[in-house]
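Engineer: This structure is in structure tokens; I'll ask about it shortly.
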Amino acid sequence: MTEAENKKVTMEEKPETTTEVEKPVIDEAEKIEKALQDPTKKRKAEDEIEIDINSSVPLSKKQKRMLRRGKITLEELNAKYNIDASSISEFEKEQKEAKEKKLNKDKDGNNDTEATDDADSEKKKVKKETFGVWIGNLSFDTTKEDLIRFIRAKTKDDEDEANRVDEKDIVRVKLPLASNEGKQIKNKGFCYMDFATEAKMLAVVKLSENQLNGRNLLIKNSKSFEGRPDKEDLVASSKNPPSRILFVGNLSFDTTEDQLKSHFQHCGDITKIRMATFQDSGKCKGFAFVDFKEEASATKALKDKTCRKLALRPIRMEYGEDRSKRQVTKRPDQQSQGSNSRGGNFTRKPFDIANESHPSSRSNNNQNDSKPALKKNNSYKNRTNAKLGKNNRLKSSIALSSAQRGSAAIVPSQGKKMKFD
């Protein structure tokens, strides 16, 4: 081939190479456009995004919330953000629909309230017609069937038919059960029963103190709360009798004597505060005794509701034991001895054992031979009874008192001394 032909071939190949370079550039541009159009794919930093700053902005959720509550107006929002008119019209439509729904609900609600009022009145009538009974002191194995059977059997022989209770007359039986961690389920010891008429209820109340499953039942009217202790009356619920000492419990460990004094000083004069403390830290153990000058001050502290909390912590209060009022019961022998010693009529009698050095005692014994003999016998019996234990055997201390004891003296050794070379 000549040189001219070679040049023609090279000129024809060059445009083909230029087209191959332009193709990947076009493909990249198409990919970027597709990525911008596809919302699912994440955009890279290299992707270009065009934003029109002057375009209108739709209402956000926060702005709608502020408009509903009346904290801002549409004019103020338009002045700041240039809000889109279509979003404003949508918001107004939403408000109109919400108002219409409320009006419809109010209309339906009036009809519903009338119906509910009628239903409530009927329920109240039903409740008024029932008469309840509380049954206590039940054995834990008692069932509903046992109770119904017991009431029917006790009231069937009554002459008045109104007092006879049948299974139909029992409206409700509520027997609470206690869960025992997978074991046999038993009741809690009490039960509620409702009856159709008051006569039936009174007839069942009369059955109180009758035995069921080996226990005396306690039956009361369920609406009667007589005999129940008042939890707020701390004076009546106190275990100890009234005294000038006040026990204070459930204290925090940071409590001090000054805090207790300032807390109870308005009740009366305080003579002493005895607070239990730890030896190492000196902090309060959680309880203390406040000694007042008068008993009325302690009762005032128990009745005053402002004293029931200290440093935002509920405290427990009751009367403390006053040892000065403690009454020690004496035996009749001690009482007679004490009365004789105080009156001055008590005279010690001489011992019954006759002694040669005391002739007066010997003469007295000879005069009354019969009486001292009886006394000796009684004293011997008392002595023997004192020596015996529970099993009619001698006590260990008495048995060992007569045992032979080894001497404490040093005894010389009698063995032979061996030496090894």
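The values are calculated or read from the model by the stated rules, or taken from the named source; none is laboratory data. Predicted model only: the values in this text are computed from it and were never measured. Glycine gets a Cβ as well: all are built from the backbone with ideal geometry, and neighbour counts include every protein chain shown. Keep in mind that these areas ignore ligands, DNA and RNA; they rest on the heavy atoms of the full protein, side chains included. Shrake-Rupley method; radii C 1.70, N 1.55, O 1.52, S 1.80 Å.
Engineer: Which net charge results for the neighbourhood of residue 153, defined as the other residues with beta-carbon distances under 13 angstrom from its beta-carbon, given Lys and Arg at +1 and Asp and Glu at -1?
Structural biologist: -1
Engineer: On to the next question. Give me the 1.4 Å probe accessible area per residue for the stretch 130-251, excluding ligands and nucleic acids, in Å². It would help to have the intermediate numbers written out before the result.
Structural biologist: On the way: 7820 Å² over 122 residues.
So the stretch 130-251 comes to 64 Å² accessible per residue, rounded to a whole number.
Engineer: So, one more: Say R0 is 41 Å: what FRET efficiency, to the nearest 0.05, do residue 54 and residue 253 get from their beta-carbon distance?
Structural biologist: The computed FRET efficiency comes out at 0.05.
Engineer: Strictly over 30 Å apart at the Cα level, which of 105/174; 71/105; 231/293; 188/303; 186/285 would you flag in this model?
Structural biologist: Over 30 Å apart, Cα to Cα: 105/174; 188/303; 186/285.
Engineer: Please work out the FRET efficiency for the pair residue 285 and residue 323, using the Cβ-Cβ distance as r and a Förster radius of 22 Å; give the result to the nearest 0.05.
Structural biologist: 0.60
Engineer: Next question. Given the peptides 212-218, 198-204, 138-144, 293-299, arrange them by the average over their residues of other C-beta atoms within 10 Å, most packed first. Show your work: numbers first, answer last.
Structural biologist: Details: 212-218: 13.9, 198-204: 19.4, 138-144: 15.7, 293-299: 17.9.
In descending order of packing, they fall as 198-204, 293-299, 138-144, 212-218.
Engineer: Using a Förster distance of 56 Å, how high is the FRET efficiency between residue 294 and residue 218, based on the Cβ-Cβ distance and rounded to 0.05?
Structural biologist: It comes to 0.85.
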